[in-house]
Amino acid sequence: MSRYEEAKNRYGEIGVDTDAAMEILKTLPVSLHCWQGDDVTGFDQRGPLTGGIQTTGNYPGKARNFEELFKDMGKVIELTPGKKKLNVHASYAIFENGEFADRDAIEPKHFKKWVEFAKKHNAGIDFNPTFFSHPKVKDGLTLSSPDEEIRRFWIDHGIACLRISEYFAKETGVPCVMNIWIGDGLKDIPADRLGPRKRYKDSLEQILSKPYDKKLVKPCVESKVFGIGVESYTVGSAEFTLSFAATHEGCMPLMDNGHYHPTEVVSDKISALLAYYPEIALHITRPVRWDSDHVVLFDDETKEMAKEIVCSGGLSRVYMALDYFDASINRISSWVTGFRSWQKALLYALTLPNGDLKKLQDEGNFTKLMVMQEAMKTFPFSDIWEEYLIRENVPTDTEYYDRIANYEKEELLKRR
Ligand code: RNT
Ligand code: ZN
């Protein structure tokens, strides 16, 4: 009997169908963020990364143009199991033959190559307007700026992005999640906290009041607690964005698990939102002390988030996207390890005896619940995971590093 057969039997004894778990997992789209490949630089400007976010590290081989980024993302897709969606930022517009359009004037045609790339990999696309790293971010503000000209520019950017999102959805046949995140905030004590929030609310309403196909485009708003250089006040706080989504039909809340106070956990918030919203969106990252966007690992909180999505029946209601950027190690490996970790967490969640555990809780049998929860930690999960990798035709956990090292030698180190 193969290791997988043996493991399958063990799981079978506790009522878990591992084949069914794998069949479900391979159909669940997870959004692969394009910005891990070039440290969130994008193609439309040469200035620094702004908005209170930061990449750290200077590992060689960063993608410098769309050809290199596509090549790198292709490598990531090759080395990871599961269904992908691409996650694209507006700053990754592709301009050719000397043409250029500013953020308020970008059009679907500037993303044609992304559509071709997505189609090649049978993937849908999610989209993000880019409200940072641009000269029109004035005093750290965009959609909440008191300067009406500045605010207009960014509202027009949001509207342009709705059109592009619709184009992505039409072309790929997959609805496009359009995530609005602004880094707007203040370094020091505000004199007026309400003013910027009212302006942000009005800006969002102006953007989302433009007609768009609600079946094709799924807008969401991402909250944040603070950013670097923006420590004292964030316009789009948790309460602000949740309230906005709750009062604007069709707009989802997006939780990034790096955007909360260090003892708060998104795993606990998922069910709270699912009790109220038909659909929600997530940015999956690994905060270390602050919103540091470390590579996602197969750690306790990552597992708990996946478990919550699975247990609450949220697999069809939660849009899952990765969001981190590590420039201190091989960027392809960062991408691959993070994507695989989330797949692993989902498979782990799908192979827990969730129905029985729930029953124990409801019966008040907390003794057995604890015993079973602990027992699951050393179940032969690795054999199920390896089988999934084989079925998905991708290298095992100990094989993929060499493939990346080879790609580094053949491709990345030549980018000087
Ligand atoms: C920043 C937010 C946001 C960005 C991306 C690049 O703190 O998490 O989602 O990481 O838009
Ligand atoms: Zn995020």
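The values are calculated or read from the model by the stated rules, or taken from the named source; none is laboratory data. What you are looking at is a predicted structure, and each value in this text was computed from that prediction instead of being measured. Here Cβ is always computed from backbone atoms with ideal geometry, including for glycine, and neighbour counts include all displayed protein chains. Side chains are part of the model used for accessible areas, which takes the heavy atoms of the whole protein and leaves out ligands, DNA and RNA. Shrake-Rupley method; radii C 1.70, N 1.55, O 1.52, S 1.80 Å.
If you wrap the stretch 142-254's Cα atoms in a convex hull and average its projection over all directions, what's the area in nm²?
6.9
Counting pairs of alpha carbon atoms under 8 Å apart in space and at least six apart in sequence, what relative contact order in percent does the stretch 142-272 give?
27
On alpha carbon coordinates alone, what is the Rg over Rh value for the stretch 28-110, Rh being the Kirkwood radius?
Expressed as Rg/Rh, it is 0.97.
Starting from the Cα of LYS71, step 7 Å along the direction of its Cβ; do the same at THR398; then give the gap between the two resulting points in nm.
3.2
What Kirkwood radius, in Å to one decimal, follows from the Cα pairs of the stretch 208-289?
One decimal place: 13.7 Å for the Kirkwood radius.
Reported to two decimal places, what Rg/Rh ratio describes the stretch 1-153 when computed on Cα atoms with Rh from the Kirkwood expression?
Looking at the stretch 1-153, the ratio lands at 1.13.
In whole Hz, what ³J(HN,Hα) sequence does the stretch 303-315 give by Karplus (6.51, -1.76, 1.60; θ = phi - 60°), x for Gly and Pro?
4, 5, 4, 4, 4, 5, 5, 5, 4, 8, x, x, 4
May I ask you to derive the relative contact order of the stretch 172-249, considering only C-alpha pairs under 8 Å and at least 6 residues apart, and to give it as an integer percent?
Reported relative contact order: 47 percent.
With every protein chain kept in the model, how would you rank ARG10, ARG317 by accessible area, 1.4 Å probe, largest at the top?
In descending accessible area the options line up as ARG10, ARG317.
Take the eigenvalues of the Cα gyration tensor for the stretch 249-308, scale each by 5, and report the square roots as semi-axes in whole Å, largest first.
21, 12, 10
Report, largest value first, the span of the C-alpha coordinates of the stretch 312-389 along each principal axis, in whole Å.
Rounded to whole Å, the extents work out to 48, 29, 23 Å.
Could you provide, to the nearest whole Å², the per residue accessible area of the stretch 53-107 with probe 1.4 Å?
Averaged over the residues of the stretch 53-107, the accessible area is 41 Å².
Report Rg(Cα)/(2.2 N^0.38 Å) for the stretch 371-416, keeping two decimals.
Dividing the Cα Rg of the stretch 371-416 by 2.2 N^0.38 Å gives 1.77.
For the stretch 162-176, what does the Karplus curve 6.51 cos²θ - 1.76 cosθ + 1.60, with θ = phi - 60°, yield as ³J(HN,Hα) per residue in whole Hz, taken in order and with x for Gly and Pro?
Using θ = phi - 60°, the values come out as 4, 4, 5, 4, 5, 4, 4, 5, 5, 5, 8, x, 10, x, 10 Hz.
Based on DSSP, what percent of beta bridges with both residues in the chain are antiparallel, to the nearest 5?
Expressed as a percentage, antiparallel bridges in the chain total about 15.
Around VAL30, which amide H atoms from residues at least 5 apart in sequence, or from another chain, sit under 5 Å from its own amide H, with H modelled in the peptide plane?
LYS83, LYS84, LYS85
When the expected Rg is taken as 2.2 N^0.38 Å, what fraction or multiple of it is the alpha-carbon Rg of the stretch 220-362?
Computed over Cα atoms of the stretch 220-362, the ratio equals 1.07.
In square nanometres, what is one fourth of the surface area of the convex hull spanned by the alpha carbons of the chain?
Seen from a random direction, the Cα hull of the chain projects 20.9 nm² on average.
Please list, short to long, the whole-number percent of alpha-carbon pairs of the stretch 1-70 in consecutive 5 angstrom bins beginning at zero.
Spelled out bin by bin, the stretch 1-70 gives 3, 12, 15, 14, 8, 6, 7, 9, 12, 9, 4, 1 percent.
Roughly how many nanometres apart are two label points built 7 Å out from the Cα toward the Cβ at ASN58 and MET370?
Taking the two extended label points, one gets 5.2 nm.
Looking at the stretch 89-147, which chymotrypsin sites (Phe, Trp or Tyr not before Pro) are DSSP coil and have at most 12 other C-beta atoms within 10 Å of their C-beta?
PHE100
Please work out how much accessible surface MET255 shows to a 1.4 Å probe, ignoring ligands, DNA and RNA, in Å² rounded to 10.
Looks like 10 Å² after rounding.
Regarding the stretch 65-182, what are the three Cα extents along the principal axes, ordered largest first, in Å?
46, 30, 23
Once label points are set 7 Å from the Cα along Cα→Cβ at both GLU107 and GLU411, what is their separation, rounded to one decimal in nm?
3.2
Express in Å², to the nearest 10, the accessible area of GLU231 obtained by rolling a 1.4 Å probe over the protein heavy atoms while all chains stay in place.
The accessible area comes out at roughly 90 Å².
Any idea of GLU5's accessible area? Nearest 10 Å², probe 1.4 Å.
80
Would you rank GLU148, GLU249 by solvent-accessible area, highest first, keeping every protein chain in place and using a 1.4 Å probe?
The residues order as GLU249, GLU148, largest area first.
Using alpha-carbon pairs under 8 Å, 6+ residues apart, how would you state the relative contact order of the stretch 10-147 in percent?
30
So who's got an amide H within less than 5 Å of the one on MET178, skipping anything under 5 residues away but keeping other chains? H placed 1.01 Å off N, in plane.
For MET178, the qualifying residues are PHE127, LYS218, CYS220.
Quick one: what are the phi-derived ³J(HN,Hα) couplings along the stretch 186-202, Karplus 6.51/-1.76/1.60 with θ = phi - 60°, whole Hz, x for glycine and proline?
10, 6, 10, 3, x, 8, 9, 8, 6, x, x, 5, 5, 5, 4, 4, 4
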